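Chemist: Quick one: the structure is below, and I'll ask about it shortly.
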Amino acid sequence: MSFTSADPISPTSPAPASASLPPVDLHPGRPPVLRVPSPATPDRSAWAAEHRHSLRDIVTEHGAVLVRGLGLVDAGQVGAVFSRLAPALMTDTESFAPRQARTPGVYSSTVWPANQPMCMHHELSYTHSPPGLLLLACLTAPATGGATTLADAAAVLDALPPDLVQRFEQDGWLLTRSYNDDIGASWTEAFGTDDRAAVENYCRANAIEFAWQGDGGLRTRQHRRAVVRHPATGRRCWFNQIAFLNEWTLEPDVREYLVDVYGPEALPFNTRFGGGDPIGEDIVQLINAVYDEHTVREPWQSGDLMLIDNIRTAHAREPFQPPREVLVAMAAPQPPLPFPPAPTAAPEGRAR
């Protein structure tokens, strides 16, 4: 399917861009692509500063844009470009898997097995103030696979069964996490500190219930909205990680192993309906199938830049043959969308 905006533009009629930028290529099954001539100067950040507002306008109109031709080559250059496009880059907090900081506010891609897909999601949608903008840059494109695929969140919402949407819109969703040193990010990695008091203060400030475990681990639970209105367009968007962080999205052998080691109630991460009821395998498969129907893709080329409206556009990552290096930054934190406390007990353990 084509990647469309609220006011679809025919692929045969190039989308408008700034007077100094070429038209955006729109083709069914692919994200919007902006092909630009390589800047005459090695200072790509100057180019980014010149075209910042035009690029952000394109993202607002289409939900994302892949910029091809800049020839980005290293983390320092990427950091300079990202900082010109979004001056206040966010610190990565509450990540579900480790990242490496490359320059201030710029991170490696999430550590995830290369032979496994990373399913559709909105970055950090479970945080109290999620990023509104993602910036990605490909330094090394894989020989095969590894595309960052996209899906329009408003179209996904419209394609889901109305009764399911209504339940999630009314009740929200729950994310439960059991931080440990074996699977995913440890609590020290996720919160960027080994100070328990600092973690507790963060949790209280961000509507996260927490409980320290006897073995030193941490369990948390947070209640979040599943449907939000886009801050610029007002369109309702399916905005969450309900399927991605659910046990039924895991490979069967991985899920079986984790349940055997940690037990069904202490998985490293899992999602539930907002009222605490389990989400069945059929619902997770349905959500992922709708995502698949609305997925668009364009293989990375080394040097590419991508901007993604994180509210309107979900993203995923295909399996790939290493090496692959894609750097990531987050910006434009959204105002908190508090949800009433869910009517279930706090995580088992000692909370303060």
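The values are calculated or read from the model by the stated rules, or taken from the named source; none is laboratory data. Note that the structure is a prediction, hence the values are computed from the model and not measured. When we count neighbours, we look across all protein chains shown, and the Cβ atoms used for this are built from the backbone with ideal geometry, even at glycine. Calculation scope for accessible area: heavy atoms of the full protein, side chains included, ligands and nucleic acids excluded. Shrake-Rupley method; radii C 1.70, N 1.55, O 1.52, S 1.80 Å.
Chemist: Can you find, among 42, 270, 230, the residue farthest towards the positive end of the dipole of the chain? Put +1 on the C-beta of Lys and Arg, -1 on that of Asp and Glu.
Modeler: Going by the Cα projections, it comes out as 42.
Chemist: For the chain, what does -39500 (n - 2.57) per DSSP helix run (n ≥ 4), summed and divided by total residues, give at 222 nm, in deg cm²/dmol to the nearest 500?
Modeler: After summing the helix terms and dividing by residue count, I get -7500 deg cm²/dmol.
Chemist: Under the rule of at least 5 residues apart or a separate chain, name every residue whose amide H is placed under 5 Å from the amide H of residue 64.
Modeler: Close amide H contacts, sequence-distant or interchain: 309.
Chemist: Please list, ordered by chain and number, the residues whose modelled amide H lies under 5 Å from the amide H of residue 227; skip anything fewer than 5 residues away on the same chain.
Modeler: 239
Chemist: If eta is 0.692 mPa s and T is 37 °C, what Stokes-Einstein diffusion coefficient results for region 137-226, Kirkwood Rh from Cα pairs, in µm²/s?
Modeler: 199 µm²/s
Chemist: Related question: Between residue 301 and residue 50, what length in nm is gained on full extension when 0.36 nm per residue of separation is reduced by their alpha carbon distance?
Modeler: Stretched fully, the residue 301-residue 50 segment lengthens by 88.0 nm.
Chemist: Rounded to the nearest whole Å², what accessible area per residue is found for the chain with the 1.4 Å probe?
Modeler: Values: 14890 Å² over 352 residues.
About 42 Å² of surface per residue is accessible.
Chemist: Quick one: Karplus J couplings for region 211-216, per residue in order, coefficients 6.51, -1.76, 1.60, θ = phi - 60°, nearest Hz, x for Gly and Pro?
Modeler: These are the phi-based 3J(HN,Hα) values: 8, 6, 9, x, 8, x Hz.
Chemist: Which ³J(HN,Hα) values, rounded to whole Hz and listed in residue order, are derived for region 313-319 from phi using the Karplus coefficients 6.51, -1.76 and 1.60 in 6.51 cos²θ - 1.76 cosθ + 1.60 with θ = phi - 60°, glycine and proline given as x?
Modeler: In residue order, the calculated couplings are 10, 7, 9, 8, 9, 6, x Hz.
Chemist: While we're looking at this one, here's another question. Carbon-plus-sulfur fraction of the accessible area of the chain, 1.4 Å probe, in percent?
Modeler: 52 percent
Chemist: Right, next: Where the centre of each part is set by its Cα atoms, how far does region 88-161 sit from region 201-277, in angstrom?
Modeler: Spelled out, the Cα-based centre of one part sits 16 Å from the other.
Chemist: A follow-up question, please. For region 187-263, just say rounded, prolate or oblate: build the C-alpha gyration tensor, square-root its eigenvalues into a ≥ b ≥ c, call rounded for a/c under 1.5, and beyond that prolate if a/b exceeds b/c, oblate if not.
Modeler: oblate
Chemist: Suppose each label sits 7 Å from its Cα in the direction of the beta carbon; what would the residue 292-residue 207 distance come out to in nanometres?
Modeler: It is 3.3 nm.
Chemist: Now, a different point. When the distances between all Cα atoms of the chain are binned every 20 Å from zero, what whole-number percent does each bin get?
Modeler: For the chain, the binned pair fractions read 30, 59, 11, 0 percent.
Chemist: On to the next question. Looking at the chain, identify the longest residue range that excludes and avoids all GluC sites (Glu not before Pro) in DSSP loops having at most 15 other Cβ atoms within 10 Å.
Modeler: Result for the longest clean stretch: 1-264.
Chemist: Given a cut-off of 20 Å, what percent of all Cα-Cα pairs of region 254-328 lie beyond it?
Modeler: 56 percent
Chemist: Along region 191-200, what does the Karplus equation 6.51 cos²θ - 1.76 cosθ + 1.60 (θ = phi - 60°) give for ³J(HN,Hα), rounded to whole Hz, x for Gly and Pro?
Modeler: For region 191-200, the Karplus curve yields 9, x, 7, 10, 8, 4, 5, 5, 5, 4 Hz.
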